[in-house]
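Below is one structure, written out as structure tokens; comments come after it.
The values are calculated or read from the model by the stated rules, or taken from the named source; none is laboratory data. Source: prediction; values computed, not measured. Cβ placement follows ideal geometry from the backbone for every residue including glycine, while neighbour counts extend to all protein chains displayed. Areas reflect the complete protein model, heavy atoms only, side chains present, ligands, DNA and RNA absent. Shrake-Rupley method; radii C 1.70, N 1.55, O 1.52, S 1.80 Å.
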2 protein chains.
Amino acid sequence: MTRRRGEIPFLLAMTYRAMTEALHERIAAEGREPLRPAHGYTFRLLLDRGGATSVELAEHLGVTKQAASKIVAELEDWGYVERRPHATDGRARVLALTDKGRAYVRHADDMWADIEDRWGEVIGAERLDRIHEDLRAYVDEVAGGRAVLRPIW
Amino acid sequence: MTRRRGEIPFLLAMTYRAMTEALHERIAAEGREPLRPAHGYTFRLLLDRGGATSVELAEHLGVTKQAASKIVAELEDWGYVERRPHATDGRARVLALTDKGRAYVRHADDMWADIEDRWGEVIGAERLDRIHEDLRAYVDEVAGGRAVLRPIW
DNA sequence: TAAAATGGTCAACGCGGTTGACTGCATTGA
DNA sequence: TCAATGCAGTCAACCGCGTTGACCATTTTA
């Protein structure tokens, strides 16, 4: 297999794009709120680092605190996230997933896993393992582990 | 290596994001116009299918013809693209890369190749080949070859 | 304890897309 | 052959989702 040098980033983009499209189709089919990547990344942060604030979310997403606030406001409206007063800091508000939020994360994980599995059916599970390792290697070693998932749309 | 099912799409996003950031840093460092993915995809179309029109570009990018027109107008202003009258169709205008446009494509390809190479240094060229195959397999077999590169930048 | 820093909000704006209406050329078919 | 329909392209208005900037209230620092 010959490949043009520099083609892989394009394929990466196309693959990711196709996967997100597949996900959005499912979300739309379920009649769910129009959840964007930023929302997904928010869920993941709140799951990993319980007790985050809007400012921390902003840093995590790589957006301004105002933008992060808007995202949180939406998620609160939809009942996925709650804002509670901070225990010691009167200015801050602590973000937390509601039950609905946690249930959605599980559901979303399932959907992503399904999409990943479709790929695995074509190329095999071992290849998927390798890809996982190799992507991690790029993110950690080339990109320096910068885990900013700036929502790109 | 154990991996969480459904994690790969996230890693795909992070990797692509890190790569585009690396590219943008280089473009910015060169003092070049703020070229976005949509512009890159446009260059590629014009290189592959000479004589495309705005409507064809719109289909390729997955945007409206109005949006495609705006993109072309920018590229024309910057001197990367020309619009020439269509040989037989008085309504249509044929898009073509200028010399500057072609030179930029070569340059951009080099930059992407460099970024890809950095990855290759970490994981090895054979792995890169596999990844190339596997990404192609997803795009072609799972996503049905839908090559719409809707610019999400 | 005054000054500076920080979490959060409100308002105005901008970029890059969308929808909708329109012009003028091209194609179709009675 | 020529009216009806279709299609390339443009103009204008709008919209989503981010930004910048100003501000308040609380906390931290000196």
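What to note about this one:
- Tally, over region A:22-33, of residues that are within 14 Å of the chain's Cα centre (by Cα) and at pLDDT below 90: 1
- Selection of region A:118-134 for residues being within 10 Å of B:ALA137 (Cβ to Cβ) and open to solvent by less than 10 Å² (accessible area, probe 1.4 Å) yields only A:TRP119.
- Selection within region B:1-16 - more than 7 Å from chain A (Cβ to nearest Cβ) and part of a helix (DSSP H, G or I): B:PHE10
- Members of region A:88-128 that are more than 16 Å from DNA strand C (Cβ to nearest atom), within 21 Å of the chain's Cα centre (by Cα) and either more than 10 Å from chain B (Cβ to nearest Cβ) or more than 17 Å from A:MET19 (Cα to Cα) (or both): A:THR98, A:ASP99, A:LYS100, A:GLY101, A:ARG102, A:ALA103, A:TYR104, A:VAL105, A:ARG106, A:HIS107
- Residue under evaluation B:THR2, criteria (1) more than 25 Å from A:ALA143 (Cβ to Cβ); (2) surrounded by fewer than 19 Cβ atoms within 10 Å (Cβ to Cβ); (3) polar (S, T, N, Q), criterion not met: (1)
- Taken together, the criteria exclude A:GLU21 from residues that are away from chain B (no Cβ under 12 Å) and either within 15 Å of DNA strand D (Cβ to nearest atom) or part of a helix (DSSP H, G or I) (or both).
- Restricting region B:66-75 to residues that are near DNA strand C (Cβ under 8 Å from one of its atoms) and exposed (fewer than 15 other Cβ atoms within 10 Å of the Cβ), the residue that is farthest from B:ALA96 (Cα to Cα): B:GLN66
- Contact map, region A:85-111: first residue open to solvent by 80 Å² or more (accessible area, probe 1.4 Å), second residue within 16 Å of DNA strand D (Cβ to nearest atom), Cβ cut-off under 6 Å, separation 6 or more or different chains; pairs are A:ARG93/A:ARG83; A:LYS100/A:TYR80.
- Any hit, region B:32-39, residues being under 21 Å from B:THR98 (Cβ atoms), surrounded by 15 or more Cβ atoms within 10 Å (Cβ to Cβ) and within 8 Å of chain A (Cβ to nearest Cβ): yes
- Near pairs, Cβ below 7 angstrom, 6+ apart or cross-chain, from region A:13-24 (of a type in the set (Ser, Thr, Tyr)) to any residue that is assigned to a helix (DSSP H, G or I): A:THR15/B:LEU12; A:THR15/B:LEU135; A:THR15/B:TYR138; A:THR15/B:VAL139; A:TYR16/B:PRO9; A:TYR16/B:LEU12; A:TYR16/B:ALA13; A:TYR16/B:TYR16
- Scanning region B:46-58 for residues that are modelled with pLDDT of 95 or more and either near DNA strand C (Cβ under 10 Å from one of its atoms) or not small (Gly, Ala, Ser) (or both) yields B:LEU46, B:THR53, B:VAL55, B:GLU56, B:LEU57, B:ALA58.
- Given (1) open to solvent by 40 Å² or more (accessible area, probe 1.4 Å); (2) touching a strand residue (DSSP E or B) at 6+ places or on another chain (Cβ under 9 Å); (3) within 13 Å of DNA strand D (Cβ to nearest atom), index of the condition A:GLU82 fails: (3)
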